[in-house]
Amino acid sequence: MKRRTFFFAGAALAAASSASAQRAVAPSDRVNVGLVGVGGRGRGLTHEFLNLNDVNVAWLCDVDQASLERAQKVVDEAGAKRPPTTDDMRRVFEDRDIDAVVIATPDHWHAPATLLALEAGKDVYVEKPCSHNIREGRMMVDAARHHQRIVQMGVQRRSAPTFQRAIQMVHDGKLGKVRAAKAWDCQMRDDIGHKPDGPVPAGVDYDTYLGPAPWIPFNPNRFHYNWHWHWHFGTGDAGNDGVHHMDMARWALNVSAPHTASGMGRKAYFDDDQQTPDTMNVTLDYGEKLLLWEMRIWNPYGIEDGVENGMAVYGDDAQLQIGRWNRKEGYRLIDKQGKIVETVFLEPGEMVAHQRNFVDCVKSRELPNCDIGQGHLSTLCAHLANIVARCDRTIKFDVETETVIDDQQANLYVGRKYRTHWATPKGA
């Protein structure tokens, strides 16, 4: 069996043996968690982990003092004791009382921080996309197996019982023979305009913000949320919102890595500092099955009967859609005549079951619902779509080596260059 496409046997053995090889948390114990990156999404995760009665939020870490102060207010509102704060994640990893860390930094820090945490013996909940590039994703999988740690990627729909039932319908053949699925991201993003480089804001450790990425000057359009749209730090909306829906589509198709990616991606609408595409249409070819990815972040209306962001699975007998209608998220089953035969919305609390699953797996040492092996394969979809956009051509992907075949330029985007830094991945 090929190592790159068959994660699960080795993963299961690693998780099973880790209970004796590593210190596992007893079911009656509280899990001590450190939050690394407590900006917008990290602040939300702080709130969600605080709501788990067997979790103790024991550290808050961020390079921006203002973000730390806002996260402290979240702790106060939850009635919890304020944990210590730091701008140096190494202090969190060095704390022997910490069982797990939550990483919600910009994309370029996801892999370096995860690798350091794994080396320190911590389990990791890392936000999507799990990596900034393909090579980093592979390093994360290998490190998780080597250190026998639990690593969950933050795609919450994986743990929602309603969506689990929906995907099971596909796998049980309720749609007939499935040949394709489509994931899409259609929403109205902001025009971020043009801004000059400038001074680093007070309270920001910019050198640590850059981490192992090559140095560039500070710019407000490459900071806070806008870092998503710059290749130095982010992966565009394909890696941002797109991974959620490509993960669901790939899960439904029950496929691993594609052998071909084709299509287009470019800026077709915005005239601003965004480097990443605002428009994409990419096909990932898995052989017998296809995953279609469509993105327009410059219109306020959805597709497939008004779904803003979502996915659809196409079978001989029926179609399954997962998305949001009238501000409610769920799924609907549509027969071959186009009639909606079933609509089911999420129950309250389902979208935070992913954090519950992670904590349960920290205790049990079972694989989580989006183990890093699965997270890497789904993030791979976004990376390949971005490579197609940056090279403007079809690429052939070697599933075994996780490289692009006979394309030197495309392979430059499989990894990245690093500056000398304490977080530079070993062997990079």
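Kindly provide the set of residues from region 60-86 that are basic (Lys, Arg) and either under 22 Å from the mean Cα position of the chain (by Cα) or not in a loop (DSSP other than H, G, I, E, B) (or both), ordered by number.
Correct list: Arg70, Lys73.
Right, Gly42: assigned to a helix (DSSP H, G or I), surrounded by 19 or more Cβ atoms within 10 Å (Cβ to Cβ) and either modelled with pLDDT of 95 or more or outside the structural domain of Ala144 (by TED's automatic domain parsing) (or both) or not? Don't jump to the end; show me each part of the working.
On the way: assigned to a helix (DSSP H, G or I): yes; surrounded by 19 or more Cβ atoms within 10 Å (Cβ to Cβ): yes; either modelled with pLDDT of 95 or more or outside the structural domain of Ala144 (by TED's automatic domain parsing) (or both): yes.
The answer is yes for Gly42.
Within region 295-325, track down each residue that is touching a Ser or Thr at 6+ places or on another chain (Cβ under 9 Å) and farther than 20 Å from Gln164 by Cβ.
Scanning region 295-325 gives Met295, Arg296, Ile297, Trp298.
Please state which one of Tyr331, Tyr413 is of a type in the set (Ser, Thr, Tyr) and not assigned by TED's automatic domain parsing to the domain that holds Val170.
Tyr413
Considering region 91-135 alone, what residues qualify as being acidic (Asp, Glu) and in contact with a Pro (Cβ under 7 Å, 6 or more places away or on another chain)?
Asp107
Given the criteria part of a strand (DSSP E or B) and either within 18 Å of the chain's Cα centre (by Cα) or at pLDDT 95 or above (or both), does Val359 qualify?
No: the conditions fail for Val359.
Of everything in region 396-428, what is outside any loop (DSSP other than H, G, I, E, B) and either among the polar types (S, T, N, Q) or crowded, with 21+ Cβ neighbours inside 10 Å (or both)? Give them in sequence order. So that I can check it myself, show each step before the final result.
Quick first cut of region 396-428, residues outside any loop (DSSP other than H, G, I, E, B) only: 396-398, 403-404, 408-412.
Result: Phe397, Thr403, Val404, Gln408, Gln409, Ala410, Asn411.
Please state which of the following conditions Val57 fails to meet, knowing it meets all the rest: (1) in a helix (DSSP H, G or I); (2) touching a strand residue (DSSP E or B) at 6+ places or on another chain (Cβ under 9 Å); (3) of a type in the set (A, V, I, L, M, F, W, C).
Val57 satisfies every listed condition except (1).
Taking the conditions exactly as written (more than 11 Å from Cys381 (Cα to Cα), of a type in the set (Ser, Thr, Tyr), in contact with a helix residue (DSSP H, G or I) (Cβ under 9 Å, 6 or more places away or on another chain) and touching a residue at least 12 places away in the same chain (Cβ under 8 Å)), does Ser262 satisfy them or not?
yes
Which residue is surrounded by the most Cβ atoms within 10 Å (Cβ to Cβ), if the candidates are limited to region 87-101 and must be within 24 Å of the chain's Cα centre (by Cα), within 23 Å of Pro212 (Cα to Cα) and of a type outside the set (A, V, I, L, M)?
Top of the filtered list is Phe93.
Filter the helices (runs of 4 or more DSSP H) completely within region 160-257 down to those with at least 3 residues that are surrounded by fewer than 20 Cβ atoms within 10 Å (Cβ to Cβ). Reasoning before the result, please.
Numbers: elements: 161-171, 206-210, 236-239, 242-253.
Once the helices (runs of 4 or more DSSP H) in region 160-257 are filtered for at least 3 residues that are surrounded by fewer than 20 Cβ atoms within 10 Å (Cβ to Cβ), what remains is 161-171, 206-210.
Hey, could you check region 290-300 for residues that are over 14 Å from Ala261 (Cβ atoms) and over 20 Å from the mean Cα position of the chain (by Cα) and say which is surrounded by the fewest Cβ atoms within 10 Å (Cβ to Cβ)?
Pro300
Is at least one residue of region 418-426 in contact with a strand residue (DSSP E or B) (Cβ under 9 Å, 6 or more places away or on another chain) and at negative phi?
Quick first cut of region 418-426, residues in contact with a strand residue (DSSP E or B) (Cβ under 9 Å, 6 or more places away or on another chain) only: none.
No.
If I go through region 280-339 residue by residue, how many of them are within 24 Å of Arg189 (Cβ to Cβ), aromatic (Phe, Trp, Tyr) and modelled with pLDDT of 95 or more?
2
Which residue is surrounded by the most Cβ atoms within 10 Å (Cβ to Cβ), if the candidates are limited to region 301-351 and must be in contact (Cβ under 8 Å) with a residue 60 or more places away in the chain and of a type in the set (Phe, Trp, Tyr)?
Tyr331
Kindly provide the set of residues from region 362-375 that are out of contact with any strand residue (DSSP E or B) (no Cβ under 8 Å at 6 or more places or on another chain) and outside any loop (DSSP other than H, G, I, E, B), ordered by number.
Ser364, Gly373, listed by residue number.
Just give me the residues in region 264-277 being surrounded by 22 or more Cβ atoms within 10 Å (Cβ to Cβ) and part of a loop (DSSP other than H, G, I, E, B), in sequence order.
Gln274, Thr276, Pro277
Show the residue pairs that are 6+ apart or on different chains and have beta-carbon atoms under 9 Å apart, the first residue being within region 82-94 and in the same structural domain as Trp109 (by TED's automatic domain parsing), the second being in a helix (DSSP H, G or I) and of a type in the set (Val, Ile, Thr).
From region 82-94, the pairs are Arg82/Val75; Pro83/Val75; Thr86/Val92; Asp87/Thr208; Asp88/Thr208; Met89/Thr208.
The values are calculated or read from the model by the stated rules, or taken from the named source; none is laboratory data. No experiment lies behind these values; they were computed from the predicted model shown. Using ideal geometry, Cβ is built from the backbone for each residue, glycine included, and neighbour counts are taken over all protein chains shown.
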